[in-house]
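**Q** Have a look at this one before I ask anything.
The values are calculated or read from the model by the stated rules, or taken from the named source; none is laboratory data. For clarity, every value in this text was computed on a predicted model and none was experimentally measured. Glycine gets a Cβ as well: all are built from the backbone with ideal geometry, and neighbour counts include every protein chain shown. Only protein heavy atoms, including side chains, enter the accessible area calculation; ligands, DNA and RNA are left aside. Shrake-Rupley method; radii C 1.70, N 1.55, O 1.52, S 1.80 Å.
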Amino acid sequence: MNEPIVAVEGLVKHYGDVVAVDDISFEIQEGEIFGLLGPNGAGKTTTINVLCTYTEPTAGEIVVAGHSVTVEPEAVKRAIGVVPQDIALYPDLNAVENLRFFGRMYDVPKARLERRIGELLKLVGLAEHARRRVEHYSGGMKRRLNLAVGLLSEPRFLMLDEPTVGVDPQSRNAIFENIQALNQQGLTILYTTHYMEEAELLCHRVAIMDEGQIIALDTPQNLINTLGAGIIHIGIKDVAEEMLTRLRALPQVKAVARRDNTLAFETLDAQRALLEIIGLFNETDTPMTSLEILEPNLESVFIQLTGKQLRD
Amino acid sequence: MKKLFHITLNELLLLRKDRMAAVWMIILPLAMTTIMGLVFGGFGEESEAVVIDLPVVDHDGGEMAAMVLDILSQTENLQVETAYDEETARQLVTDGKRAGAMVIPSDFSTAIVSGQPTALELVVVPGGQTTPLLEGMVRGVTSGFSNVQTTVEVAISEVQRATGSYDLDYEGIANRVVATTLERLEDPPVRAQITTVGGTEEEEFDIFGQVVPGYAVMFAMFTVLSAAGGILEEKERGTFKRLLIAPIPQWSLLGGKLLAQFLMGVGQIALMFLFGALAFHVQLGNSLLGLSLITLATCWATTSLGILLVAVIRSRKQIHPITTLVILGSSAIGGSWYPLFMMPKGVQQVARVTLVAWAMEGYNRLMMLGGSLADVWVDIGVLLLYGAVCFGVGLKLFRFKEA
């Protein structure tokens, strides 16, 4: 196996008493789109900030493109591209002026920079708006230019921090297409999002983060497969231990977990399992307060793992 | 180093693109300088003469009364009116249509030449704005005639003592004394000589020589500190972070921004001086080198103060009111609005903590007192030191990235 382009071992980041990232480890292979999926405050942006040398880690070994972020930050900076969550552009300048300025900051030679600016504007579909002030761009156009700036230096490894926040569907699709095209050209990408459908669509592997920890890491399909054929959530007032044992023994039920007043069922076949579960509730005269069948996807995985919604 | 200059150029490009900045940097300072110069300059110029209409009622009609009228007519700022009778003249004063009126009694001439007491009556309303002026004028006239009476008495008694004759032409002597006195008024043998120091007679106080550097320093501070606040804006917008994660040395990043702020300050002061020299013929003094050095030192100190404020304040919402307070406060006591030497001693001492005071002292010495470079070395030195301290502390406290 090749050396990973990113190797994170035991990353911890504290802000005073707040633990933003709590001992996470993962690797990203060359050519991969790796997703960090989690709700706001899960620690995704802090992880990216450490990887791009912006934030000092409290503990951990972090190597990016063969260089330690704490020992050789300049070498790391030259190997990476970052598309921050903020629209980090000068609104008074036009697209070309923004790209030219940031290109100079990466020492891109003049002739190559001008060529690169043309290519990137075409890639993100802004060639016709190249001379318009950025302040007059739509949110989606700004996001696309934000992406173009991150690609100026032709990085080996690109980090995208929630690049589709506040973007219209058309621009979102354009950004997805750009990311997939770039990846096909060999670019390794770290993609953070709290939209599970984006992670499912784009990422080869996904690390699900919650409260500073990675709670699951695998391909989207493998993560979804852990749910079996579907998840059923049933609200209850109370349930006896004997009832739980009988529910776990049902043929179509893989596992049952209890969280507060909800029972979460992993099933082999959600529809058949539902009939079995309802039958047992009726038989024992156990009241239900709610019933929900979850489609097997990353959102369901997250809910199954944490009991919380991704967009909480 | 190349990146530092690119960052500086980008800052200047952003300034050029910002229309409001152009208003702040060019139009507003020039307009304010012009307005303040014209407003305060009006007090320094010779004011247009105020003419007081003074009805004079002559009940005497004699030679001495004619002389009173003659003296009053020749008095600057006084227009003598003889067409009114006493009742009308008094009524005009009562109605507020005239500031005062004078009544010459019927025995005035006789009294003067015979050495008898008499009085010129001045009718005024109490508390009138020009009453003191009129009183002064009338007292001047009556004092003159009192002197004449005294002179006549002394002269006659001396002649009588010397000749033993009492058959003298009293009236003729008195008339000659009065006539001679009046002649002497035009070319007095004893006069007051007023000598001014600290300038030549030809040089007048040039208000623009104060206003131009004063407002140049104040607006340069606005420009530089506002640009410094731009660092906080960039931090909030995310472009500062984007630069920090690019392969740029931190000294290049901050240096590029500070160099741009410094150049904006220098450019603004230079523009203001150029405008002052061309539009209002402001005298820039005898030492262009001194003027340049004090300008560079002032901008260095201001730029450094900016980085200190940005390092300490850290929030864009807070920095604008605080910098405004710092600028207006230091301008008010530091001599931007009034010459420092005209301030009370206590204020002058307190003002020493502001960079404006040292800058304005330097400019005043060079531009108003015609000083040389040697006269402003201390001011330049203090400004450089001021800048070095602010820069050192500011850099120490400045947070490039998250801890």
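**Q** Roughly how far apart, in whole Å, are the Cα centres of segment A:227-295 and segment A:90-111?
**A** Distance between centres, Cα-based: 58 Å.
**Q** Would you mind finding the longest exposed-site-free stretch of chain B, with exposed GluC sites (Glu not before Pro) meaning DSSP loop and at most 12 other Cβ atoms within 10 Å? Write down the numbers at each step before the final one.
**A** On the way: sites that count: B:GLU45, B:GLU46, B:GLU48, B:GLU76, B:GLU201, B:GLU202, B:GLU203, B:GLU204.
Formally, the longest exposed-site-free interval is B:205-403.
**Q** In nanometres, what is the gap between the two model label sites at B:SER165 and B:TRP377, each 7 Å from Cα along Cα-to-Cβ?
**A** 8.0 nm
**Q** If you count only protein heavy atoms with a 1.4 Å probe, what accessible area per residue comes out for the protein assembly as shown, rounded to a whole Å²? Please list the in-between numbers first.
**A** Values: 34520 Å² over 715 residues.
Normalised by residue count, the accessible surface of the protein assembly as shown is 48 Å².
**Q** Alpha carbon centre of segment B:105-178 versus segment B:376-403: separation in Å?
**A** Computed from Cα coordinates, the inter-centre distance equals 75 Å.
**Q** Can I ask one more? Would you please give the FRET efficiency between A:LEU268 and A:ALA59, computed as 1/(1 + (r/R0)^6) with r the Cβ-Cβ distance and R0 = 35 Å, to the nearest 0.05? If you can, show how the numbers build up before the last one.
**A** Working: r = 42 Å, r/R0 = 1.21.
Step by step, r from the Cβ atoms, then E = 0.25.
**Q** Follow-up question, since we're still on this one. Indicate the residues belonging to segment B:1-42 that lose 50 Å² or more of solvent-accessible heavy-atom surface (probe 1.4 Å) upon moving from the chain alone to the assembly of all protein chains, ignoring ligands and nucleic acids.
**A** Hits at the 50 Å² cut-off: B:LYS3, B:HIS6, B:ASN10, B:LEU14, B:LYS17.
**Q** Considering only protein heavy atoms and a 1.4 Å probe, what is the carbon-and-sulfur percentage of the accessible area of segment A:1-83?
**A** After summing per-atom areas, the C and S share lands at 48 percent.
**Q** Okay, which of segment B:314-356 sit inside 14 Å, backbone N to the point 7 Å along the Cα-Cβ direction of B:MET32?
**A** B:323-338
**Q** Once you list every other residue whose beta carbon is under 13 Å from the beta carbon of A:HIS204, what net charge do they have if Lys and Arg are +1 and Asp and Glu are -1?
**A** Numbers: positive: A:ARG205; negative: A:GLU27, A:GLU30, A:GLU32, A:GLU200, A:ASP218.
Result for the local shell: -4.
**Q** Moving on to the next point. With an 8 Å Cα cut-off and a minimum separation of 6 or more residues, compute the relative contact order for chain A in percent. Intermediate results must be reported in sequence, preceding the final value.
**A** Values: 606 pairs, mean separation 61.8, N = 312.
Relative contact order comes out at 20 percent.
**Q** Go through segment A:249-259 residue by residue and turn each phi into a ³J(HN,Hα) via Karplus (6.51, -1.76, 1.60, θ = phi - 60°); whole Hz please, and just put x for glycine and proline.
**A** Couplings: 8, 5, x, 8, 9, 7, 7, 10, 10, 10, 10 Hz.
**Q** Now, a different point. Given H placed 1.01 Å from N in the peptide plane, which residues other than close sequence neighbours of A:ASN297 have an amide H under 5 Å from its amide H?
**A** It is none; the list stays empty.
**Q** Give the Rg/Rh ratio for the protein assembly as shown, taking Rg as the radius of gyration of the Cα atoms and Rh as the Kirkwood radius, to two decimals.
**A** Values: Rg = 44.8 Å, Rh = 33.9 Å.
Reported Rg/Rh (Cα atoms, Kirkwood Rh): 1.32.
**Q** When the chain is fully extended, how far beyond the present Cα-Cα distance does A:ARG133 get from A:TYR15, taking 0.36 nm per residue of separation?
**A** Numbers: separation 118, 0.36 × 118 = 42.48 nm, distance 3.73 nm.
Working it through step by step, the gained length comes to 38.8 nm.
**Q** At a threshold of 8 angstrom on Cα-Cα distance, excluding pairs fewer than six apart, so keeping six or more, what relative contact order does segment A:1-140 reach in percent? Walk me through the intermediate numbers first.
**A** Working: 169 pairs, mean separation 27.3, N = 140.
That works out to 19 percent.
**Q** May I ask for the angle, rounded to the nearest 10°, between helix B:250-280 and the longest principal axis of chain B, with both axes built from Cα atoms and the value confined to 0 to 90°?
**A** 20 degrees
**Q** Another question, then. Starting with the highest mean, order B:221-227, A:75-81 by the number of other Cβ atoms within 10 Å, averaged over the residues of each peptide. Walk me through the numbers before you get to the answer.
**A** Numbers: B:221-227: 25.4, A:75-81: 21.7.
Averaged packing, sorted descending, gives the order B:221-227, A:75-81.
**Q** What list of ³J(HN,Hα) couplings, whole Hz, do you get for segment B:143-159 from phi and the Karplus terms 6.51, -1.76, 1.60, once you set θ to phi - 60° and write x for glycine and proline?
**A** Karplus-based 3J(HN,Hα) across segment B:143-159 equals 5, x, 5, 4, 4, 4, 4, 4, 4, 4, 4, 5, 4, 5, 5, 5, 5 Hz.
**Q** Just to confirm a number: summing +1 for Lys and Arg and -1 for Asp and Glu over residues other than B:GLY230 whose beta-carbon lies under 12 angstrom from that of B:GLY230, what do you get? Before the final figure, lay out each step's value.
**A** Values: positive: B:LYS235, B:ARG237, B:LYS257, B:ARG316; negative: A:ASP92, B:GLU11, B:ASP18, B:GLU233, B:GLU234, B:GLU236.
That works out to -2.
**Q** Would you please classify the overall shape of segment B:17-161 from the alpha carbon gyration tensor, given that a ≥ b ≥ c denote the square roots of the eigenvalues, rounded means a/c under 1.5, and beyond that prolate means a/b larger than b/c while oblate covers the rest?
**A** Numbers: a/c = 4.83, a/b = 2.56, b/c = 1.89.
It is prolate, given that a/c is not under 1.5 and a/b is the larger ratio.
**Q** Right, something else. Pop out a list of residues from segment A:42-75 that are at least 40 Å² less accessible with all the protein chains around than in their chain alone; 1.4 Å probe, no ligands or nucleic acids counted.
**A** Buried-area filter returns A:TYR54.
**Q** Go ahead and run the numbers for FRET between A:GLN185 and A:ALA7, Cβ-Cβ distance against an R0 of 25 Å, rounding to 0.05. Spell out each step's value before the answer.
**A** On the way: r = 23 Å, r/R0 = 0.93.
Plugging the Cβ-Cβ distance into 1/(1 + (r/R0)^6) gives 0.60.
**Q** Still on this model: Rounded to the nearest 0.05, what FRET efficiency do B:SER292 and A:ILE293 give with R0 = 56 Å and r taken as the Cβ-Cβ distance? Could you check? Walk me through the numbers before you get to the answer.
**A** Details: r = 80 Å, r/R0 = 1.43.
Once the sixth-power term is evaluated, E becomes 0.10.
**Q** Just from its helices, what would the mean residue ellipticity at 222 nm be for the protein assembly as shown, if runs of 4 or more DSSP H residues each count -39500 (n - 2.57) and the sum is divided by every residue, rounded to the nearest 500 deg cm²/dmol? List each step's numbers first, then the result.
**A** Details: 27 runs with 383 residues, N = 715.
The helix contribution divided over the protein assembly as shown gives -17500 deg cm²/dmol.
**Q** Next question. With labels modelled as points extended 7 Å from the Cα through the Cβ direction, what inter-label distance (nm, one decimal) is found for A:ASP260 paired with B:LEU278?
**A** It works out to 7.3 nm between the two label points.
**Q** Go through segment B:239-283 and flag every residue whose accessible area shrinks by 40 Å² or more with all protein chains in place compared to the isolated chain (probe 1.4 Å).
**A** B:THR239, B:LYS241, B:ARG242, B:LEU243, B:ILE245, B:PRO247
**Q** I've got another one for you. Total Å² of accessible surface buried at the A-B contact, 1.4 Å probe, nearest 100?
**A** Details: alone 14850 and 22550 Å², together 34520 Å².
Interface area, both chains combined: 2900 Å², rounded to the nearest 100.
**Q** Here is a further query. For helix A:95-105, what angle does its Cα long axis make with the longest principal axis of chain A, in degrees from 0 to 90 and rounded to 10?
**A** 80 degrees
**Q** Still on this structure: Find the relative contact order for chain B and round it to a whole percent, using C-alpha pairs within less than 8 Å whose residues are 6+ positions apart. Provide the component values of the computation, followed by the final result.
**A** Values: 511 pairs, mean separation 68.3, N = 403.
So the answer I get is 17 percent.
**Q** Ignoring any ligand, DNA or RNA, what whole percent of the accessible area of segment A:114-175 comes from carbon and sulfur when the probe is 1.4 angstrom? Write out the running numbers ahead of the final one.
**A** Values: 1220 of 2600 Å².
Accessible surface attributable to carbon and sulfur in segment A:114-175 totals 47 percent.
**Q** Right, something else. What part of the accessible area of segment B:301-403, given as a whole %, is carbon or sulfur when the probe is 1.4 angstrom? Kindly include the intermediate steps, with their values, before the conclusion.
**A** On the way: 3410 of 4870 Å².
Looking at segment B:301-403 in its full context, I get 70 percent from C and S.
**Q** Gap in Å between the Cα centre of segment A:50-89 and the Cα centre of segment B:284-328?
**A** 35 Å
**Q** Tell me the label-point distance for the pair B:VAL39, A:GLN213, using the 7 Å Cα-to-Cβ offset, in nm and rounded to one decimal.
**A** Taking the two extended label points, one gets 6.8 nm.
**Q** For B:LEU134, what charge total do you get from the other residues with a beta carbon under 14 Å from its beta carbon, if Lys and Arg give +1 and Asp and Glu give -1?
**A** Details: positive: B:ARG98, B:ARG139; negative: B:ASP53, B:GLU76, B:GLU81, B:GLU121, B:GLU135.
Its environment carries a net charge of -3.
**Q** Here's another thing I want to ask about it. In degrees between 0 and 90, to the nearest 10, how far off the longest principal axis of chain A does helix A:270-284 point, with axes built from Cα atoms?
**A** Orientation of helix A:270-284: about 40 degrees from the principal axis.
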